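Since the structure comes first, as structure tokens, the remarks are kept for the end.
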Amino acid sequence: MTVSVEIRDLAITFGQGLSAVRVLPGVSFSVAAGECFGLVGESGSGKSTVLRCMSLLTDIWTGEVRIGGRNVRDIPLKERCRLMQMVFQDPYGSLHPRQSVRTVLAEPLRIHGMDNHEARMNRALTDVGLPVSFLDRFPHQLSGGQRQRVAIARALILEPSLLLLDEPTSALDVSVQAEILNLLNRLREERGFTYIMVTHDLAVVDHMCDRFAVMLHGEVTEVLPRAAIPGNGATHPYARELIAASLEYEGQL
Amino acid sequence: MEQPILEVKNLSIRYNGAPADAVRGVSFTLGRERLGIVGESGSGKSTVGRAILRLLPSAKVSADIMRFEGTDLTALSEAQMLKLRGRRMSMILQDPKFSLNPIRRVGHQVAEAYLRHFPVSRAEAKAKTLEMLAAVRIRDPERVHDLYPHEISGGMGQRVMIAMMLLADPDLVIADEPTSALDVTVRLQVLNILDGLVRDRGIGLIMISHDLNLVRNFCDRVLIMYGGRVVETIAARDLDQATHPYTRGLLAAQPRIGGPRAPLAVLDRRPEWTEEFTQ
């Protein structure tokens with residue numbers, strides 16, 4: 001099953017009246033079912049915050065997030081977890097150091113009362129290209145790339161439709177990044193996932209995403225198709241600057 | 001031919017209690033040029049940089065030659081190293097958030113690097129500091145001088161670090177992932193500033209990075225390290241013609257703007273890469 005996402009006027013404001021601080025002034029974009037959508041922008045532009053709001057890890061926002069046509073606030077917690085899952089940036093921080101891979105993967109299955117634990121855990125590990133014997137390993141016995149695979153397996157175990165990827169490869173070496181990006185692409189082809197991917201690397205956007213939004217100070221300046229990157233087809237000055245810098249950095253100017 | 005700034009021959013490093021060497025048999029010489037050391041995490045690239053500055057007190061460092069402008073680095077006492085470090089050779093670290101003292105004004109921290117090595121008054125050191133802050137293109141040096149690290153952005157923090165490290169006018173600067181913590185737009189700006197200063201002052205630069213694009217654009221020559229060894233040395237502009245399968249693998253694994261969307265090439269790591277000698 002694939003789901004579409006629609007975000008309208010997602011905003012975070014502290015205080016009221018004249019002294020109100022608009023942390024996230026307002027974000028709107030929509031993502032088609034089965035699309036890979038990128039969120040790019042400088043640090044502090046609110047990219048990760050958008051993911052945290054969508055998943056209700058941050059709950060102080062106003063506006064509307066609709067997933068598969070339903071308001072995310074109306075979806076009960078358990079169902080929401082089975083609908084969308086998040087993969088975090090740093091696999092050294094996102095896995096519990098004293099929990100084995102088995103514990104990490106079994107917990108959501110138990111909470112959601114799912115059957116065939118062993119078969120599901122084996123499948124999740126196989127899906128991310130790890131041997132089943134890794135179930136009894138602890139995070140310190142895994143490399144960075146293997147940890148990120150476990151984090152992806154944890155996101156897959158409840159069979160969600162929407163994956164929120166928060167810089168899933170920026171803590172990894174380029175060769176390991178290639179493995180993870182290939183894995184994410186393969187899973188999307190096989191399962192029709194919808195991805196929303198935060199990244200600061202436009203080469204990754206170009207490789208993975210169909211469209212992407214350029215964020216600045218908590219606002220979406222422009223939503224561009226992937227094809228706008230190589231020739232710098234952006235119109236907003238910041239988006240142009242970002243793409244130009246990335247092209248220059250790659251030595252393509 | 002002019003004397004090299006740094007000469008390293010057969011450098012090996014083993015961390016205390018480690019079962020194997022972190023760095024094995026690394027040799028290179030550095031003139032007034034920009035040398036890149038690239039490799040993945042754990043390849044030993046940062047370890048090499050730290051060993052040159054003798055910042056690994058508990059590790060076992062051995063080298064046939066490790067000479068900095070004629071001085072044998074392996075034979076110096078710690079007291080002699082203190083005179084060298086920060087004065088004639090210095091290091092720019094990855095993340096200004098962790099490298100600056102959070103409870104001291106940035107200007108004072110920059111000036112300290114100068115006061116430590118030169119017999120000048122505080123006023124003179126401050127004048128030098130302001131001049132240097134301007135040289136790293138900080139628009140309002142007087143104001144920035146009095147700010148605390150949390151009040152400045154990452155890009156400005158890294159420029160402050162560069163100012164601090166270049167103030168004593170060293171001959172060798174080792175930059176260890178100087179821009180990995182920065183956004184791409186800011187990254188280029190900081191690299192251009194560092195690059196300009198290094199060229200103007202004829203400083204020898206060792207740029208340690210995991211980023212092939214960075215060394216391609218900002219270095220003259222590149223050492224590629226794998227498993228503690230240098231597997232290939234190549235001119236930066238010839239990087240695309242690299243011959244070693246590891247270098248080629250790294251280049252192919254990198255997604256590129258405008259590239260095909262075919263699955264990225266995955267490194268097939270060969271055990272012999274950690275064994276062979278190339279020089």
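The values are calculated or read from the model by the stated rules, or taken from the named source; none is laboratory data. Values in this document were obtained by computation on a predicted structure and should not be read as measured data. When we count neighbours, we look across all protein chains shown, and the Cβ atoms used for this are built from the backbone with ideal geometry, even at glycine.
Values as computed for the structure displayed
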{"read-out": "Boolean, A:ALA155 is crowded, with 18+ Cβ neighbours inside 10 Å, closer than 23 Å to A:VAL3 by Cβ and either touching a residue at least 12 places away in the same chain (Cβ under 8 Å) or in contact with a strand residue (DSSP E or B) (Cβ under 6 Å, 6 or more places away or on another chain) (or both)", "value": "yes"}
{"read-out": "Leading residue by the ranking (surrounded by the most Cβ atoms within 10 Å (Cβ to Cβ)) among those in region B:196-213 that are within 28 Å of A:LEU172 (Cβ to Cβ) and within 12 Å of the chain's Cα centre (by Cα)", "value": "B:MET207"}
{"read-out": "Residues of region B:28-45 satisfying the condition of being among the small types (Gly, Ala, Ser) and farther than 18 Å from B:TYR246 by Cβ", "value": "B:GLY31"}
{"read-out": "Residue list for region A:239-253, filter: more than 7 Å from chain B (Cβ to nearest Cβ) and surrounded by 19 or more Cβ atoms within 10 Å (Cβ to Cβ)", "value": "A:ALA239, A:ILE243"}
{"read-out": "Any hit, region B:45-57, residues being among the small types (Gly, Ala, Ser) and within 14 Å of chain A (Cβ to nearest Cβ)", "value": "yes"}
{"read-out": "Unmet criterion (only one of (1) within 14 Å of another protein chain (Cβ to nearest Cβ); (2) surrounded by 19 or more Cβ atoms within 10 Å (Cβ to Cβ); (3) not hydrophobic (A, V, I, L, M, F, W, C)) for B:GLY86", "value": "(1)"}
{"read-out": "Lone unmet requirement of (1) modelled with pLDDT of 95 or more; (2) under 27 Å from B:GLY42 (Cα atoms) for A:LEU105", "value": "(2)"}
{"read-out": "Residue in region B:259-274 that is small (Gly, Ala, Ser), at the interface with chain A (Cβ under 9 Å from one of its Cβ atoms) and within 26 Å of A:ILE180 (Cα to Cα) present", "value": "yes"}
{"read-out": "Filter result (within 10 Å of chain A (Cβ to nearest Cβ) and either assigned to a loop (DSSP other than H, G, I, E, B) or free of Cβ contacts under 8 Å to residues at least 24 places away in the same chain (or both)) within region B:242-258", "value": "B:GLY249, B:ALA252, B:ALA253, B:GLN254, B:PRO255, B:ARG256, B:ILE257, B:GLY258"}
{"read-out": "Some residue of region B:215-237 being more than 13 Å from chain A (Cβ to nearest Cβ), out of contact with any strand residue (DSSP E or B) (no Cβ under 8 Å at 6 or more places or on another chain) and surrounded by fewer than 21 Cβ atoms within 10 Å (Cβ to Cβ)", "value": "no"}
{"read-out": "Cβ-Cβ under 7 Å pairs, at least 6 apart or on other chains, region B:176-199 side free of Cβ contacts under 8 Å to residues at least 60 places away in the same chain, far side assigned to a loop (DSSP other than H, G, I, E, B) and surrounded by fewer than 20 Cβ atoms within 10 Å (Cβ to Cβ)", "value": "B:ASP183/A:SER43; B:ILE193/B:ARG137"}
{"read-out": "Residue list for region B:12-56, restricted to those being in contact with a Pro (Cβ under 6 Å, 6 or more places away or on another chain) and not in a strand (DSSP E or B)", "value": "B:GLY31"}
{"read-out": "Residues that are in contact with a strand residue (DSSP E or B) (Cβ under 9 Å, 6 or more places away or on another chain), part of a strand (DSSP E or B) and more than 21 Å from A:LEU242 (Cβ to Cβ), drawn from region A:24-74", "value": "A:SER30, A:THR62, A:GLY63, A:GLU64, A:VAL65, A:ARG66, A:ILE67, A:ASN71"}
{"read-out": "Counted residues, region A:181-215 - those being touching a residue at least 12 places away in the same chain (Cβ under 8 Å) and either hydroxyl-bearing (Ser, Thr, Tyr) or more than 10 Å from chain B (Cβ to nearest Cβ) (or both)", "value": "18"}
{"read-out": "Within region B:132-241, strands (runs of 3 or more DSSP E) holding 2 or more residues that are more than 29 Å from A:THR199 (Cα to Cα)", "value": "B:172-176, B:204-209, B:229-235"}
{"read-out": "Region A:223-237, subset surrounded by 19 or more Cβ atoms within 10 Å (Cβ to Cβ) and not in a loop (DSSP other than H, G, I, E, B), residue nearest to the other protein chains (Cβ to nearest Cβ)", "value": "A:ARG226"}
{"read-out": "Residues satisfying the stated conditions in region B:106-148, i.e. within 22 Å of the chain's Cα centre (by Cα) and among the acidic types (Asp, Glu)", "value": "B:GLU112"}
{"read-out": "Some residue of region A:78-95 being of a type in the set (Ser, Thr, Tyr) and either without any contact (Cβ under 8 Å) to a residue 12 or more places away in the chain or within 30 Å of B:ARG187 (Cβ to Cβ) (or both)", "value": "yes"}
{"read-out": "Criterion violated by B:LYS9 - all others in (1) under 19 Å from the mean Cα position of the chain (by Cα); (2) in a loop (DSSP other than H, G, I, E, B); (3) surrounded by fewer than 16 Cβ atoms within 10 Å (Cβ to Cβ) satisfied", "value": "(2)"}
{"read-out": "Residues satisfying the stated conditions in region A:227-251, i.e. in contact (Cβ under 8 Å) with a residue 12 or more places away in the chain and not hydrophobic (A, V, I, L, M, F, W, C)", "value": "A:PRO230, A:ASN232, A:THR235, A:HIS236, A:TYR238, A:SER246, A:GLU250"}
{"read-out": "Residue check, B:VAL184 in contact with a Ser or Thr (Cβ under 6 Å, 6 or more places away or on another chain) and at pLDDT below 90", "value": "yes"}
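Per-residue answers, yes or no, for (1) facing chain B (nearest Cβ under 10 Å); (2) in a strand (DSSP E or B):
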residue: A:LEU130; (1), (2): no, no
residue: A:LEU135; (1), (2): no, no
residue: A:VAL150; (1), (2): no, no
residue: A:LEU163; (1), (2): no, yes
residue: A:VAL176; (1), (2): yes, no
residue: A:GLU179; (1), (2): yes, no
